[in-house]
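*Asks:* Sharing a structure below in C-alpha cells format, with a few things to ask.
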Amino acid sequence: MACPDAGVLDWASAVLDTGVTVLRGLRHGGSPWLLRAGGRELVLRVARAEQAAETATEVAAMTYAARVAGSALPVAELLGYDLAERTGYGLVLTARVPGTSVIPAEPDPERLRALGAAAARISSVKVTPAVALPVRSRPIEAEDFAGMRREQGASDLLRAAEAAVAAARPDDGRNGLVHGDLWHGNTLWDDSRLTAVLDWDCAGVGPAGIDLGSLRCDAAWCHGVEAAGHVLRGWEAEAGRPAGDVPYWDAVAALACPPDMGWFPVSMAAQGRPDLTREVMLERRDAFLGAALSRLASAGQPKRLA
C-alpha cells in the first residue's frame, strides 16, 4: 500500500472522532504510518486481509501486556483495531511513543540488561493459550526456517544444531506470554530508557527461553558473543531466579534465521547498523551457536526452566 486508502483513513477518523493526516511511512516509506489527528501523533499498522490473524495476535498480546504488566512493561496505548472486518485490512492504531529503535554501534550494558529485564516481565504475564495467542516453541514461528535449510542447504554446524535441539527439548513446566520476535529493532529507547516494546504479531504462550534466547542471539549478532551475558544478567535480576536451559534456547534462537542470514542484514541496516554485513552476521551467529552447542554437550540432560 503506497498510502492508506480513503476507507482506512475514514476508519481512523471514526475511531478518533476527528480528521487524520498521513505524515509519512515509518518503515521503507510504508506501514506503519505516522498520522496526525489534531495536536496528537499516532501510529497505524496496516496488514493485508490474509494477515488478519497476526493482527488479532498483536491486539491480544498488547492488551494482556498492558493490563497485567502495566507501566513495568511499556506498551503503546491501543486506540483501535480492525481484523479486516470493516476495511478489508488488519489495522492496529496506537498512540505514538517517543524514542528510537536505532541499535548502538557499541554495546551498552545498561540497555542490554534492560532488554533482558523486559523479557522477564513479558514471561511473568500468565495467559491461557487461545486462537489469537497460540502455543509457541521458537521465535518467529510463522517462518519455516527449517524448510529454508532443506532448500538452500545447511552447514554442518546448523545440522548439528538441529539434531541437538531435537534431542534436548526440555520439559518446561512454566509458560507465560512470549513476544516471539524480541530483538532491538522491536523496541524504542530514549537514551538507555526503554519506552516501548513493539510488533507483537508473533506473540503467543510458551517458555521464557524463547524471548531470552532471541535477545541473547540478537546481542551476539550486534556486538559479539560476550554481549549476550548482559541480557542474561538483566533477565535473572528481574526474574529473581536463574534462567534454565540457556544453551538450548540459544541454539533454538540461532536456528530462527535463514541459513545464509537472508534479509537479516537489511533489517539491521534499517536500524542504523549497515556494518552488520552478511559475513559479519554469519560469523557471529556461528560463534554464538557453537558456544551453545558446546555447553549443551557438556551439560548433558537439560534442566527444567524454572
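*Asks:* May I ask you to list pairs of residues, at least six apart or on different chains, whose Cβ atoms are under 6 Å apart, with the first in the range 258-272 being in contact (Cβ under 8 Å) with a residue 24 or more places away in the chain and the second being basic (Lys, Arg) and open to solvent by less than 50 Å² (accessible area, probe 1.4 Å)?
*Replies:* Going by the 6 Å Cβ cut-off, the qualifying pairs are 259/149.
*Asks:* While we're on this one: Which count do you get for residues in the range 1-56 that are of a type in the set (Val, Ile, Thr) and out of contact with any Leu (no Cβ under 8 Å at 6 or more places or on another chain)? Quick ask: steps written out before the conclusion?
*Replies:* To start, the set of residues in the range 1-56 that are of a type in the set (Val, Ile, Thr) comprises 8, 15, 18, 20-22, 43, 46, 55.
Now drop any that are not out of contact with any Leu (no Cβ under 8 Å at 6 or more places or on another chain), which leaves 18.
Count: 1.
*Asks:* Return a yes/no flag: does the range 165-175 have any residue that is without any contact (Cβ under 8 Å) to a residue 40 or more places away in the chain, part of a helix (DSSP H, G or I), open to solvent by 30 Å² or more (accessible area, probe 1.4 Å) and hydrophobic (A, V, I, L, M, F, W, C).
*Replies:* Scanning the range 165-175 turns up at least one residue that is without any contact (Cβ under 8 Å) to a residue 40 or more places away in the chain, part of a helix (DSSP H, G or I), open to solvent by 30 Å² or more (accessible area, probe 1.4 Å) and hydrophobic (A, V, I, L, M, F, W, C).
*Asks:* Scan the range 138-152 for residues that are open to solvent by less than 60 Å² (accessible area, probe 1.4 Å) and either assigned to a helix (DSSP H, G or I) or at pLDDT below 95 (or both) and report the count. Reasoning before the result, please.
*Replies:* Residues of the range 138-152 open to solvent by less than 60 Å² (accessible area, probe 1.4 Å): 139-141, 145-149.
Still in the list and also either assigned to a helix (DSSP H, G or I) or at pLDDT below 95 (or both): 145-149.
Looking only at that region, the number is 5.
*Asks:* For the range 89-129, which positions are open to solvent by 10 Å² or more (accessible area, probe 1.4 Å), touching a Lys or Arg at 6+ places or on another chain (Cβ under 9 Å) and closer than 30 Å to residue 14 by Cβ?
*Replies:* Selection gives 89, 94, 95, 96, 99.
*Asks:* Looking only at residues that are touching a residue at least 60 places away in the same chain (Cβ under 8 Å) and part of a loop (DSSP other than H, G, I, E, B) in the range 273-287, which one is least open to solvent (accessible area, probe 1.4 Å)?
*Replies:* Quick first cut of the range 273-287, residues touching a residue at least 60 places away in the same chain (Cβ under 8 Å) only: 273, 275, 281, 284-287.
Filter once more, keeping what is part of a loop (DSSP other than H, G, I, E, B): 273, 275.
Numbers: 273: 5, 275: 79 Å².
Applying the filter and picking the extreme gives 273.
*Asks:* Need pairs with beta-carbon distance below 7 Å; first residue closer than 15 Å to residue 254 by Cβ and within the range 129-149, second hydroxyl-bearing (Ser, Thr, Tyr); sequence gap 6+ or separate chains.
*Replies:* Close Cβ pairs satisfying both conditions: 139/214.
*Asks:* Restricted to the range 1-17, and to residues that are out of contact with any Ser or Thr (no Cβ under 8 Å at 6 or more places or on another chain) and within 15 Å of residue 94 (Cα to Cα), which residue is surrounded by the most Cβ atoms within 10 Å (Cβ to Cβ)?
*Replies:* 12
*Asks:* Among (1) of a type in the set (A, V, I, L, M); (2) closer than 16 Å to residue 160 by Cβ; (3) touching a residue at least 60 places away in the same chain (Cβ under 8 Å), which single condition is residue 299 missing?
*Replies:* Here residue 299 clears every test but (3).
*Asks:* Of these, 48, 67, which one is of a type in the set (Lys, Arg) and more than 26 Å from residue 271 (Cβ to Cβ)? Walk me through how you get there before you give the answer.
*Replies:* Values: 48 fails: more than 26 Å from residue 271 (Cβ to Cβ).
Criteria check complete, one pass: 67.
*Asks:* Could I ask something else about it? Go through the range 21-45 residue by residue and tally those that are open to solvent by 30 Å² or more (accessible area, probe 1.4 Å) and either under 18 Å from residue 78 (Cα atoms) or not hydroxyl-bearing (Ser, Thr, Tyr) (or both).
*Replies:* Kept after step one, since they are open to solvent by 30 Å² or more (accessible area, probe 1.4 Å), are these residues of the range 21-45: 21-24, 26-29, 31, 36, 38-41, 45.
Those still in the list that are either under 18 Å from residue 78 (Cα atoms) or not hydroxyl-bearing (Ser, Thr, Tyr) (or both) too: 22-24, 26-29, 31, 36, 38-41, 45.
Within the range 21-45, residues that are open to solvent by 30 Å² or more (accessible area, probe 1.4 Å) and either under 18 Å from residue 78 (Cα atoms) or not hydroxyl-bearing (Ser, Thr, Tyr) (or both) number 14.
*Asks:* Of all residues in the range 46-67, which are acidic (Asp, Glu), under 19 Å from residue 188 (Cβ atoms) and surrounded by fewer than 20 Cβ atoms within 10 Å (Cβ to Cβ)? Don't jump to the end; show me each part of the working.
*Replies:* Here is the first cut: in the range 46-67, the ones acidic (Asp, Glu) are 50, 54, 58.
If we keep only those that are under 19 Å from residue 188 (Cβ atoms) too, we end up with 58.
Listed by number, the list is empty, since nothing qualifies.
*Asks:* Among the strands (runs of 3 or more DSSP E) contained in the range 1-62, which hold 1 or more residues that are under 14 Å from residue 200 (Cα atoms)?
*Replies:* Result: 30-37, 40-47.
*Asks:* Check 289, 194, 276, 296 and return the single one that is on the phi < 0 side of the Ramachandran plot and touching a Cys at 6+ places or on another chain (Cβ under 8 Å). Steps first, please.
*Replies:* Working: 289 fails: touching a Cys at 6+ places or on another chain (Cβ under 8 Å); 194 fails: touching a Cys at 6+ places or on another chain (Cβ under 8 Å); 296 fails: touching a Cys at 6+ places or on another chain (Cβ under 8 Å).
From the options 289, 194, 276, 296, the qualifying one is 276.
The values are calculated or read from the model by the stated rules, or taken from the named source; none is laboratory data. All figures in this text were calculated on a predicted structure; none of them were measured in a lab. Note that each Cβ is placed from the backbone with ideal geometry, even for glycine, and that neighbours are counted across all protein chains shown. SASA here: full protein model, heavy atoms, side chains in, ligands and nucleic acids out. Shrake-Rupley method; radii C 1.70, N 1.55, O 1.52, S 1.80 Å.
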